[in-house]
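In what follows, a structure is listed as C-alpha cells, so that the remarks can point back to it.
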C-alpha cells in the first residue's frame with residue numbers, strides 16, 4: 001500500500017473530476033505531462049502543486 005510521501009499516477013480526467021468536487025490531490029508539476037493542459041489549466045495545477 002501507499003505510505004506517506006509516496007507518489008502515484010492519476011489520469012487527468014479523474015483528477016479533474018476530483019477538482020470539480022473539491023477533492024483534488026496535490027500535483028507534482030515536474031512529473032505532470034504537458035498534455036494535461038488539454039483538460040485543466042496551468043493555474044488549476046499550480047493551485048494544487050506540492051509545496
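Calculated mean residue ellipticity, 222 nm, the chain: -7500 deg cm²/dmol, from DSSP H runs (n ≥ 4) at -39500 (n - 2.57) each, averaged per residue and rounded to 500. Measuring r between the beta carbons of residue 3 and residue 51 and using R0 = 22 Å, the FRET efficiency lands at 0.70.
Under the criterion of Cα pairs below 8 Å and six or more residues apart, the relative contact order for the chain equals 37 percent.
Taken together, the values in this text are just the output of simple stated rules run on the coordinates, not laboratory data. All figures in this text were calculated on a predicted structure; none of them were measured in a lab. Here the Cβ is made from the backbone with ideal geometry for all residues, glycine too, and neighbour counts use every protein chain on show.
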